[in-house]
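So the structure is just underneath, and the comments pick up after that.
The values are calculated or read from the model by the stated rules, or taken from the named source; none is laboratory data. These numbers come from a predicted model, not from an experiment. Cβ coordinates were reconstructed from backbone atoms using ideal geometry, including for glycine residues, and neighbour counts include every protein chain displayed.
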Amino acid sequence: MTDLTHCYSPRPLHPAATPNGTQHTPLYSVVAYPTTSPQYSKVINTYRPMPDSALRGFGQWVTQHPWDEVLEMENVHTKWHNFVTTTTKAFHCYFQAKSVTVHPSDAPWITPRIKRLIKQRN
């Protein structure tokens with residue numbers, strides 16, 4: 001018997017075609033040839049690492065930034081927009097995005113660090 005039912009189609013033989021004439025014997029015909037390995041699509045995950053040095057740099061920037069583009073505005077919506085725009089730019093500057101390729105067949109304990117070490121070894 002097989003668990004590749006998507007590749008093989010069973011068809012019972014007539015009892016007269018079997019040696020003792022009383023049992024139905026299945027005959028399996030190939031429907032599709034199985035592939036040697038399934039094709040997985042890779043997924044690219046993006047993350048922003050936050051090392052201590054970047055946290056200190058961002059904190060220093062926040063405390064030393066003049067914030068004129070926020071404080072001088074009268075409209076609260078403009079203030080909010082300027083604040084979000086400014087902090088987002090700084091966030092992207094200090095915490096740069098990195099990406100890692102993940103395959104569905106990877107074990108759950110495979111981290112980006114382990115992948116980097118494997119790449120260095122190879």
Study note, to complete from the structure: Listed by first then second residue, the pairs whose first member lies in segment 47-66 and is of a type outside the set (S, T, N, Q), whose partner is outside any helix (DSSP H, G or I) and loosely packed, with under 11 Cβ neighbours inside 10 Å, with beta carbons under 6 Å and at least 6 positions apart or on separate chains, are Arg48/Ala97
Check your understanding: Restricted to segment 97-122, and to residues that are surrounded by 10 or more Cβ atoms within 10 Å (Cβ to Cβ) and polar (S, T, N, Q), which residue is modelled with the highest pLDDT?
Key -> Ser99
Exercise for review: Go through segment 49-86 and count every residue that is over 30 Å from Pro112 (Cβ atoms) and outside any helix (DSSP H, G or I).
Suggested key: 7
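In segment 99-122, what residues are among the hydroxyl-bearing types (Ser, Thr, Tyr) and under 21 Å from Arg48 (Cβ atoms)?
Pass one, segment 99-122, residues among the hydroxyl-bearing types (Ser, Thr, Tyr): 99, 101, 105, 111.
Across segment 99-122, the qualifying residues are Ser99, Thr101, Thr111.
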Study note, to complete from the structure: Result of the Cβ filter at 6 Å on segment 93-111, keeping first residues that are assigned by TED's automatic domain parsing to the domain that holds Asp52 and within 15 Å of Tyr47 (Cβ to Cβ) and partners that are of a type in the set (A, V, I, L, M, F, W, C) and surrounded by fewer than 10 Cβ atoms within 10 Å (Cβ to Cβ), at least 6 apart or interchain, is Ser99/Ile44; Thr101/Ile44
Practice item. Have a look at Asn82, Asn75 and point out the one that is under 37 Å from the mean Cα position of the chain (by Cα) and farther than 22 Å from Arg48 by Cβ. Key: Asn82
Practice item. Kindly indicate whether Ala54 is within 30 Å of Ala107 (Cβ to Cβ) and touching a Phe, Trp or Tyr at 6+ places or on another chain (Cβ under 6 Å). Key: yes
